[in-house]
Amino acid sequence: MASEYEDQIDRLRFTFNEVTKVVDPHALREKVADLTRQSADPELWSDQAHAQEVNSALARAQSQLKRLTAMHGRLEDLGALLEMAEETREEDPDTSRELIAQFESEAAGADETLQALHVQTLLSGKYDERSAVVTIRSGAGGVDAADFAQMLQRMYLRWVERHHDEFSATVLDTSYAEEAGIKSTTFQVDGAYAYGNLSVEAGTHRLVRISPFDNQSRRQTSFAAVEVIPLIEQTDHIDVPESDIRIDVFRSSGPGGQSVNTTDSAVRITHLPTGIVVSMQDEKSQIQNRAAAMRVLQSRLLALKQEEEAREKKELAGDIKASWGDQMRSYVLQPYQMVKDLRTGFESGNTTAVFDGEIDGFINAGIRWRATGERAVN
């Protein structure tokens, strides 16, 4: 048995070494030290764009280093646990068994964390390190679709809460449906690699269930679209001429049209050349809402630019077939319980946990599939 546990530690250490080949802790420490020196420079904020870039890079590097350092410590602790279990095996069998049980539990947790860290090494896209702007829109299915859109919003916000040491979320705008649910919502997820993680969630999601809004209790299929774009940074220089936009102001409102603001502080920006519309009412002042709306508009224009460049590359390569289908995931609550990603093959029978934010398996499988074409084996 001791040999089996030693092999388990060796496998964990091998995976950790594979991660550190990509994300070198020594290089990270030097990067953190350099960025810390830059952030302490009193002259840094004379250039706000550069200061923002430095502080964002420092936060990302510190977060990565913290995860790697913690994992190194966990692996050392596992080795110590196994040594103590072996030393007490003959003299105190009960204590030895307790230590082995603790080892098994800690090793399982370490393995799960390491697999997630390993998947993160596959995030090498140009904007993967960025914060993310997520927009969810209800689709076909009437009031069920609006309710589904709100369920998805809660799912992603709960996922952020589960990773509170890595990410934070801010709801920027929500348009409520008349009967129940939401027509659309936009929220920002801040943290290192928020976009890289959540970008695999983009696409059409489908829900099948007995409708709680149907007095005949019939089964209903509804759809919601999830859009994920990287948050624009000032260094990206996406110029939006004033002549290309129309700005409307109005009063913020909550569910049911209840007034939550007595001034015209909410802002709607329409980008005339593309027809993109961004609404913002989360901030207290019109100036703040306008600035937030402009950042989201610039992010969407950046995403549009990326899509155009990707299409051009595919056409040059002679392959114009879309790699992502219209429907990427199904959430079935009736006649059986199953959430399944149709691209990766990853699935879960615990639908309650999924809607409560337990979606790491889907995200990791999506990242691995996108990078390698590997489908999940549950």
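Worth a mention:
- Applying the condition of being modelled with pLDDT of 80 or more and β-branched (Val, Ile, Thr) to region 260-279 and asking which residue is surrounded by the fewest Cβ atoms within 10 Å (Cβ to Cβ) yields Thr274.
- Within region 127-177, the set of residues being in a loop (DSSP other than H, G, I, E, B) and under 16 Å from the mean Cα position of the chain (by Cα) comprises Tyr127, Asp128, Glu129, Arg130, Ser131, His163, His164, Asp165, Glu166, Phe167.
- Residues that are surrounded by fewer than 13 Cβ atoms within 10 Å (Cβ to Cβ) and either in contact with a strand residue (DSSP E or B) (Cβ under 8 Å, 6 or more places away or on another chain) or within 13 Å of Glu6 (Cβ to Cβ) (or both), drawn from region 81-101: Glu83
- Odd one out for Ile100 among (1) in a helix (DSSP H, G or I); (2) under 25 Å from the mean Cα position of the chain (by Cα); (3) among the β-branched types (Val, Ile, Thr): (2)
- The residues of region 8-41 that are under 17 Å from Gly73 (Cα atoms) and loosely packed, with under 12 Cβ neighbours inside 10 Å, listed by number, are Asp10, Phe14, Asn17, His26.
- Residue match in region 203-223 (condition: outside the structural domain of Ala266 (by TED's automatic domain parsing) and under 30 Å from Arg290 (Cβ atoms)): no
- Residues of region 339-358 satisfying the condition of being touching a helix residue (DSSP H, G or I) at 6+ places or on another chain (Cβ under 8 Å) and either surrounded by fewer than 16 Cβ atoms within 10 Å (Cβ to Cβ) or part of a strand (DSSP E or B) (or both): Val339, Asp341, Gly345, Ser348, Asp356
- Region 167-189: number of residues that are surrounded by fewer than 17 Cβ atoms within 10 Å (Cβ to Cβ) and farther than 13 Å from Val143 by Cα: 4
- Restricting the first member to region 92-103 and to residues that are under 18 Å from Asp77 (Cβ atoms), and the second to residues that are among the small types (Gly, Ala, Ser) and outside any helix (DSSP H, G or I), no beta-carbon pair is closer than 7 Å while six or more apart or on different chains.
- Taking the criterion of being more than 25 Å from Thr121 (Cα to Cα), touching a residue at least 24 places away in the same chain (Cβ under 8 Å) and over 25 Å from the mean Cα position of the chain (by Cα), the only residue of region 8-49 that qualifies is Gln48.
- Among the residues making up region 343-372, those that are among the hydroxyl-bearing types (Ser, Thr, Tyr) and at pLDDT 90 or above are Thr344, Ser348, Thr351, Thr352.
- Residues of region 51-89 that are of a type in the set (Lys, Arg) and within 16 Å of Ala33 (Cα to Cα): Arg60, Lys66.
- For the residues Ala192, Ala224, the requirement of being surrounded by 22 or more Cβ atoms within 10 Å (Cβ to Cβ), part of a strand (DSSP E or B) and in contact with a Lys or Arg (Cβ under 8 Å, 6 or more places away or on another chain) singles out Ala224.
- For region 108-125, the criterion of being within 30 Å of Phe14 (Cα to Cα), over 22 Å from the mean Cα position of the chain (by Cα), charged (D, E, K, R) and in a helix (DSSP H, G or I) is met by no residue.
The values are calculated or read from the model by the stated rules, or taken from the named source; none is laboratory data. These figures come from a predicted structure and were not determined experimentally. With ideal geometry, Cβ positions are generated from the backbone for all residues, glycine too; neighbour counts draw on all protein chains shown.
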